[in-house]
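Visitor: Would you mind keeping the following structure in view while I ask a few things?
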Amino acid sequence: METAVHKGFILFWIFFKGMLFAFTNGMAALPTIERGIVDKRKWLTDEEFWTYPVLGQSLPGVVSIHNSILIGNRIAGPFGAFMSAMGVVLPAFLTMLLVAAVFQTFVDDPYVHGAIRGIRVISVVIIFSNAVRLLRNVPRQAFSVILVLAAILVPLLSGFSAFWTIIVCGAAGIISVLADPSVVAPKPASSEKDEG
């Protein structure tokens, strides 16, 4: 049986590997992190895993830190949350040290500017890919479909901000649960959190 400490170190490595090559944003690391936590370790189901990025995305601050703390805490308690967060922070910190040390040398290089343009394009693809993965876990009910369409179209076609969209969609979800109590939260994880 794995202890919380052992799981914490494994979580550090999973998040570290995922974030090491997440050049566009923390969301780019999610498929790698998902493979380590859901597919390989089976600590969470696919549905449980993707619940945390949804929650993390709706909180103010750095989404990848939110995800790591929520997932780490769920799997291995406070130590898991700490180690997961360190796995997210350390690659960015080391990469920024390297960039700060060498960027001034290449700031006017046309190849560097070309690479940055290419990386911007792939950001859109990665965000779209993660959106599709998140949508797979949206319940196939009329209410959910209407809410997804409204959440996409209203901010695009009006001045309604993402913040208010999150608030309104959250309130609509609460109202839907009050109106139909048979709607339940995600099932508990298949593996118990270790206390030691």
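Visitor: Roughly how many nanometres apart are two label points built 7 Å out from the Cα toward the Cβ at Arg140 and Phe160?
Guide: Output for this residue pair reads 2.6 nm.
Visitor: Would you please calculate the Kirkwood hydrodynamic radius of region 14-113 over all C-alpha pairs and express it in Å, rounded to one decimal? Don't skip to the end; give the middle numbers.
Guide: On the way: mean 1/r = 0.0699 Å⁻¹.
When all Cα pairs of region 14-113 are included, the Kirkwood radius is 14.3 Å.
Visitor: Here are labelled values, (i) 1.16; (ii) 1.82; (iii) 1.03, and one is the computed Cα Rg over 2.2 N^0.38 Å for what I pasted. Which one?
Guide: Label (i) holds the value from this structure.
Visitor: Here is a further query. What FRET efficiency do you get for Val148 and Val62 if R0 is 30 Å and r is their Cβ-Cβ distance, rounded to the nearest 0.05?
Guide: For Val148 and Val62, the calculated efficiency is 0.75.
Visitor: State which stretch of the chain is the longest one without any exposed GluC sites (Glu not before Pro), exposure meaning a DSSP loop state and at most 10 other Cβ atoms within 10 Å.
Guide: Maximal segment without exposed cleavage sites: 1-191.
Visitor: Next question. Measuring from label point to label point, each 7 Å out along Cα→Cβ, what is the Ala101 to Ala179 span in nm?
Guide: Inter-label distance under the simple model: 5.8 nm.
Visitor: Follow-up question, since we're still on this one. In region 127-168, what trypsin sites (Lys or Arg not before Pro) fall in a loop by DSSP, with at most 14 other Cβ atoms inside 10 Å?
Guide: Answer in residue order: Arg136, Arg140.
Visitor: Considering amide H positions built from the backbone, and no H for Pro or chain starts, which residues 5 or more places from Ser58, or on another chain, come under 5 Å of its amide H?
Guide: For Ser58, whose amide H was placed from the backbone, there are no distant partners under 5 Å.
Visitor: Arranged by the count of other C-beta atoms within 10 angstrom, fewest first, what order do Lys17, Lys42 take?
Guide: Ordered from fewest to most neighbouring Cβ atoms within 10 Å, Lys17, Lys42 come out as Lys42, Lys17.
Visitor: Here's a follow-up. Between region 26-44 and region 107-173, what is the C-alpha centre distance in whole Å?
Guide: 20
Visitor: To continue, here is another question. Give me the dipole magnitude in Debye, nearest 20, for the chain about the Cα centre, with unit charges on the beta carbon: positive for Lys and Arg, negative for Asp and Glu. Present the calculation step by step, with values, prior to reporting the outcome.
Guide: Numbers: 14 positive and 12 negative charges, 51 e Å.
Approximately 240 debye in magnitude.
Visitor: Something else: What are the DSSP H helices in the chain that stretch 18 Å or more along their long axis, judged by alpha-carbon atoms, and whose average Kyte-Doolittle hydropathy comes to at least 1.0? Let's see the in-between values first.
Guide: On the way: long enough: 4-20 (23 Å, 1.35); 63-106 (44 Å, 1.40); 110-135 (38 Å, 1.23); 142-157 (22 Å, 2.90); 162-179 (25 Å, 2.19).
What comes out of the filter, once short or polar helices are dropped, is 4-20, 63-106, 110-135, 142-157, 162-179.
Visitor: Order by neighbour count: Asp46, Asp108, fewest other Cβ atoms within 10 Å first, most last.
Guide: Asp108, Asp46
Visitor: Still on this structure, please answer the following. With n ≥ 4 as the cut-off for DSSP H runs, can you work out [θ] at 222 nm for the chain, using -39500 (n - 2.57) per run divided by the number of residues, rounded to the nearest 500? Provide the component values of the computation, followed by the final result.
Guide: Numbers: 7 runs with 138 residues, N = 196.
Dividing the helical sum by the residues of the chain leaves -24000 deg cm²/dmol.
Visitor: Set the Förster radius R0 to 30 Å, insert the Cβ-Cβ distance between Arg35 and Ala171 as r into 1/(1 + (r/R0)^6), and round the FRET efficiency to 0.05.
Guide: In this case the efficiency is close to 0.30.
Visitor: Positive end of the charge dipole of the chain (Lys, Arg +1 and Asp, Glu -1 on Cβ, about the Cα centre): tell me which of Phe160, Val148, Gly72 has its Cα farthest that way.
Guide: The Cα lying farthest towards the positive end belongs to Val148.
Visitor: What is the Å³ per residue value for the convex hull set by the Cα atoms of region 81-176?
Guide: 171
Only the coordinates and a few stated rules stand behind these numbers; no lab work does. Note that the coordinates shown come from a computational prediction; the quantities given were computed from them, not determined experimentally. Glycine gets a Cβ as well: all are built from the backbone with ideal geometry, and neighbour counts include every protein chain shown.
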